[in-house]
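Working notes for the structure below.
The values are calculated or read from the model by the stated rules, or taken from the named source; none is laboratory data. Just so we're clear, the structure is a prediction, and the values are computed from it rather than from any experiment. Positions of Cβ are backbone-derived with ideal geometry, glycine not excepted, and every protein chain shown enters the neighbour counts.
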Amino acid sequence: MITLKSDREIELMKKSGKILADVHIQLRDLIKPGIDMWKIEEFVRTFIEGKGAIAAQIGYEGYKYATCISINDEICHGLPRHQILKNGDLVKVDMCVNLDGGISDSCWSYAVGRPSKDVKQLMEVTKTALYKGIKQAAVGNRIGDIAHAVQTYAESFGYGVVRAFVGHGIGPTIHEAPVVPHYGKAHHGMRLKEGMTITIEPMINMGDWQMRETLDKNAWTAYTKDGSLSCQYEHSIAITAKGPQILTSQGEEETY
Ligand code: MF3
Ligand code: CO
C-alpha cells in the first residue's frame, strides 16, 4: 500500500534528512587513504545519536550497523569492518536516519585519495543520472519516467544499470511501496501523486549490469558479476505540487 504523506510528515523527514546530509558532508573530510572503514561507522553512529536521532538501519531485518559501506565491486550492503582504505578505492556510504518518526535514506560515493579519470567519470555520471531521475519525480509522471531517464543517461556512457536493487517508498518504515527501478520504459508504471515519498538510488557499474549470483557469505553484500567498479548516489524525495523536493540535501554538491 502506498501512503501519501502530509506536509507535517514531509517536514519531519526533511529534518532527519538534514542530519543525514550533514553526516555526508563530514565524511568528505574523514574519508582519506589510511582510514579504517570501521571509523566511518563509528563516526556516523555517534553523529546521528548526538543529534537525538536514531540510526535506523540498526535492527532492520537483523542488520547490525548504522551504515552500509561498500567498496569497489561491492554494489551495496557492504558491512562496516576493520579494513584500511587506500588511494583509488571507491567507497559508497549508505544510511537511514529516524528523527521523531521522520525517516530519510541517502547514499553518497567517495573516492579515496585521487580518483582516476575513469572513476571520476563514473561518479559524475552516476550523480547526474540520479538528478535526471529526480527531475522526473513530478506529479502526473510515471515511475517508468524516472527509470528511463536514469537508464538512458547511464547507458549512453556504456555503463551497466543494476537491476536487482531498486529505489522504494520511504517513511514511516525504511522500505515500502512502490518499488522504483532505475531501468524501464518512459510513460509506463504507476502514476506519481502529491505526497508520495520515495528514494531514487541508481547503482551504476563501470562494466556489465549483472550481479554475482550469490551474495557474500554474510548474506548481505552484493557484488558486480564481472568485478567492475560500482557507484551509487541516493536521495529521499517528496513529490509535491511544486515539483520534486529533495529531503536529504541542503543544496550542497555531493563531491568526492
Ligand atoms: N539504505 C538502504 C537502502 O537504500 C537500506 C539498506 S537495508 C539495511 O535501501 F538493512 F542494510 F540497512
Ligand atoms: Co534506499
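Tally time: how many residues in the stretch 228-239 are out of contact with any helix residue (DSSP H, G or I) (no Cβ under 7 Å at 6 or more places or on another chain) and more than 16 Å from ligand 1 (Cβ to nearest atom)?
Summing the residues that are out of contact with any helix residue (DSSP H, G or I) (no Cβ under 7 Å at 6 or more places or on another chain) and more than 16 Å from ligand 1 (Cβ to nearest atom) in the stretch 228-239 gives 2.
Filtering the stretch 28-66 down to residues that are farther than 20 Å from residue 84 by Cβ and basic (Lys, Arg), which residue is surrounded by the most Cβ atoms within 10 Å (Cβ to Cβ)?
Per the stated criteria, the residue is 51.
Are any residues in the stretch 181-200 more than 16 Å from residue 148 (Cβ to Cβ) and either at pLDDT below 95 or crowded, with 21+ Cβ neighbours inside 10 Å (or both), and if so, which ones?
Selection gives 196, 197, 199.
If you scan the stretch 169-195, which residues turn out to be within 16 Å of ligand 1 (Cβ to nearest atom) and in contact (Cβ under 8 Å) with a residue 40 or more places away in the chain?
169, 170, 171, 172, 173, 174, 176, 177, 178, 182
Taking the residues in the stretch 206-227 that are over 17 Å from residue 68 (Cβ atoms) and either crowded, with 21+ Cβ neighbours inside 10 Å or touching a residue at least 60 places away in the same chain (Cβ under 8 Å) (or both) as candidates, determine which candidate is farthest from ligand 1 (Cβ to nearest atom).
For the stretch 206-227, the residue satisfying everything is 227.
Mind listing just one residue for me: the one in the stretch 162-195 that is away from ligand 2 (no atom under 16 Å from the Cβ) and among the hydrophobic types (A, V, I, L, M, F, W, C) and, of those, nearest to residue 236 (Cα to Cα)?
192
Quick check on the stretch 150-167: of everything there that is in contact (Cβ under 8 Å) with a residue 40 or more places away in the chain and farther than 15 Å from residue 185 by Cβ, which residue is nearest to the chain's Cα centre (by Cα)?
167
Here is a list: 6, 106. Which entry is surrounded by 22 or more Cβ atoms within 10 Å (Cβ to Cβ), at pLDDT 95 or above and out of contact with any Pro (no Cβ under 7 Å at 6 or more places or on another chain)?
Of 6, 106, the one residue that is surrounded by 22 or more Cβ atoms within 10 Å (Cβ to Cβ), at pLDDT 95 or above and out of contact with any Pro (no Cβ under 7 Å at 6 or more places or on another chain) is 106.
Tell me, which residue of the stretch 101-149 that is over 15 Å from the mean Cα position of the chain (by Cα) and in a strand (DSSP E or B) is farthest from residue 51 (Cα to Cα)?
142
Name the single residue that is surrounded by the fewest Cβ atoms within 10 Å (Cβ to Cβ) among those in the stretch 125-170 being of a type in the set (Gly, Ala, Ser) and touching a Leu at 6+ places or on another chain (Cβ under 8 Å).
Result: 140.
Give me the residue from the stretch 46-79 that is in contact (Cβ under 8 Å) with a residue 60 or more places away in the chain and of a type in the set (Asp, Glu) and, out of that set, farthest from residue 104 (Cα to Cα).
73
Which of the residues spanning the stretch 50-65 are touching a Lys or Arg at 6+ places or on another chain (Cβ under 7 Å) and either near ligand 1 (Cβ under 9 Å from one of its atoms) or in a helix (DSSP H, G or I) (or both)?
58
Does residue 118 qualify as being within 28 Å of residue 6 (Cα to Cα) and either of a type in the set (D, E, K, R) or surrounded by 24 or more Cβ atoms within 10 Å (Cβ to Cβ) (or both)?
Judged against the criteria, residue 118 is not a match.
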